[in-house]
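First up is the structure itself, then whatever we jot down about it.
The values are calculated or read from the model by the stated rules, or taken from the named source; none is laboratory data. Nothing here was measured: the structure is a model prediction, and the numbers come from that model. Cβ placement follows ideal geometry from the backbone for every residue including glycine, while neighbour counts extend to all protein chains displayed.
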Amino acid sequence: MTARRRCARSTRGARTAASVVGVASLLAAHLANTQPNPQQVVQDAQLMQAAPKDAPFAVRCAAFAGAVLPPELIALPSAGVQIDSAALVRATASGNQQGGEYCRITGRIKALEAATPDIRFDLNLPRRWNGRALQIGGGGYNGVVVSGTGVMPFSPDRAPLAQGYATFGDDSGHIGDASLAVFGLVDEAVTNFGYAHLKKTHDAALALIARAYDRPPQRMYFAGGSTGGREGYTVMQRFPDDYDGVIANSPALNFSGLRLLGVKLGQAEYATPGGFIPPMLLERVYERTLAVCDGLDGAMDGIISDVAACREHEAQIIDSLRCTGGAPSPSPSRDECLTDAQLSTLLVMRDGLSLPYRLAWDVAGYRGYNVFQGTHLTGLLGLGHQPERLPVPTFFANGYLFAQGDGYVRYFVARDAGFDSLRFDPQYPGKYRAQLIALSQTIGAMNTDLSRYIARGGKLITVHGLADEVISPNQTIAYHRALIDRFGAERVDGFMRLYMVPGFQHGGGAFIPAVDLLGALDSWVTRGVPPETLIATDIAAATNGRSRPLCRYPLFPRYVGKGNVNLASSFACAEP
């Protein structure tokens, strides 16, 4: 590193520290003086007086309870922060898996409009702090507070909080669950969900952390998957100065395109005569694909690792599944063929969506899935399980992609709870086109301008399953290629690692990797050691304990021809 770059980094760090100290001072004043009623003023003044720097950790923790923090602490518009509770969780407390005690703070970032829900958040402050903070993303449509006390996806052995990280997460500004999109009727809630909750929660947590430990975090990280993966890319694009490293797995980057494809897929299943595919036939597709492609990577292990080679056999697989003449077999059985209408449904998912107009950042559609390369479509997050469409589609009955797309069109786009998404044309949306484009800007994360994040030395790790049935792995690959087109391969390699995992779906699959991504990220950020090939242990129930190399894209694990097929050492990362 040159002297000029070292000086620039030092200056940035000094500015950040000075800013946080100033925020912490403001917070201290409001903790002591800004309270909801006279009685609370007295109580909190006593707590603050009784909680100097050398006060017991439990006393310092309790001093946060009931505090009201000013809007000035948050860089984006809000009505301030209310701390609802602050309590010490003892190391011996029932259910505490952290290996030590920590302060749990719950609070709300108040909305500007009365009709908008507050952003609820949790913050966990370990007694034995490692000087780092980790913001954790959500999933689906969010709506549930991310507690920050659990283990990391892909790292089931030890939670970040147990490692000494201050952790925090939120509900993105509405109450519900991952399937409920009704908050799309409220403008401020949509903005919060799209990006604003990330900055607001970050700023509130940063001020509280600085106050609790009398210094800001040395490192700030973000980690999430699915919607949380989109959120990871969002913070790099919109708030690049706030984070040193990001783990963004299976990211829903092109959120609007994903939801529109879900509607198109639902129309193929439920608005096209004969388009619905019974689960037993979807199982037939998976089994046939496995029979043709499993051994192409050198090992018959239930994992299709050489996806590119498998794609060369796609026409053969489709032809072997097609009913003679395109009509259904007269005698149903497990080996029943697929009609032309049913195959057309699968082709909608394979081909993705092409739009005659442009979403934000010149996005022209959504990339298709690896339907005939090992994607299993019979699970909870796959295609529909019943031939009738429910008035309000659900994941299991009508398929995850359609259910989520239906909610998006109903509440975010048409803003009409009674709207029928089967009558909506994603390619020619008419009067809804402007709304779609605006939403893709608010919620999407397809902006490839990561210049500021790269310049400040930020790092990124993304893991995505090649068999993902919810978020197309090919969309993530396309974004990675767009980064290379913009910055060049060498510069992208300097800040990003992409691992595309064979057999891995959206949380399940033939291979479910367990690997310490947070440790890899922290080592890269703090010691300058970039991750290369990682070793992952399979935690799928049927094959628990086997291992495979996680190869940097575009490489994949190929069996070397000898050795135990359950050991990563028997595989080498190969070019497709």
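Listing for the model above:
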{"read-out": "Within segment 457-499, tally of residues that are in a strand (DSSP E or B) and under 21 Å from Gly140 (Cα atoms)", "value": "5"}
{"read-out": "Residue among Tyr432, Tyr400 that is in contact (Cβ under 8 Å) with a residue 40 or more places away in the chain and over 11 Å from Arg259 (Cβ atoms)", "value": "Tyr400"}
{"read-out": "Residue within segment 242-264 that is at pLDDT 95 or above, under 26 Å from the mean Cα position of the chain (by Cα), surrounded by fewer than 22 Cβ atoms within 10 Å (Cβ to Cβ) and not assigned by TED's automatic domain parsing to the domain that holds Asp406 present", "value": "yes"}
{"read-out": "Meets criteria (touching a residue at least 12 places away in the same chain (Cβ under 8 Å) and closer than 27 Å to Gly507 by Cβ) for Tyr213", "value": "no"}
{"read-out": "Among the residues listed as Ala159, Ala111, the single one being at pLDDT below 95, aliphatic (A, V, I, L, M) and assigned to a loop (DSSP other than H, G, I, E, B)", "value": "Ala159"}
{"read-out": "Among the candidates Pro549, Pro530, residue that is part of a loop (DSSP other than H, G, I, E, B), assigned by TED's automatic domain parsing to the domain that holds Val246 and either of a type in the set (Phe, Trp, Tyr) or at negative phi (or both)", "value": "Pro530"}
{"read-out": "Condition met for Arg389 (touching a residue at least 60 places away in the same chain (Cβ under 8 Å) and surrounded by fewer than 17 Cβ atoms within 10 Å (Cβ to Cβ))", "value": "no"}
{"read-out": "Test for Leu338: is it crowded, with 22+ Cβ neighbours inside 10 Å, more than 18 Å from Met280 (Cβ to Cβ) and either without any contact (Cβ under 8 Å) to a residue 24 or more places away in the chain or hydrophobic (A, V, I, L, M, F, W, C) (or both)", "value": "no"}
{"read-out": "Filter pass, Tyr411 being under 23 Å from the mean Cα position of the chain (by Cα), under 22 Å from Thr476 (Cβ atoms) and at pLDDT 95 or above", "value": "no"}
{"read-out": "Members of segment 160-184 that are surrounded by fewer than 24 Cβ atoms within 10 Å (Cβ to Cβ) and touching a strand residue (DSSP E or B) at 6+ places or on another chain (Cβ under 9 Å)", "value": "Ala162, Gln163, Gly164, Ile175"}
{"read-out": "Residue check, Gly457 surrounded by fewer than 20 Cβ atoms within 10 Å (Cβ to Cβ) and in contact (Cβ under 8 Å) with a residue 40 or more places away in the chain", "value": "yes"}
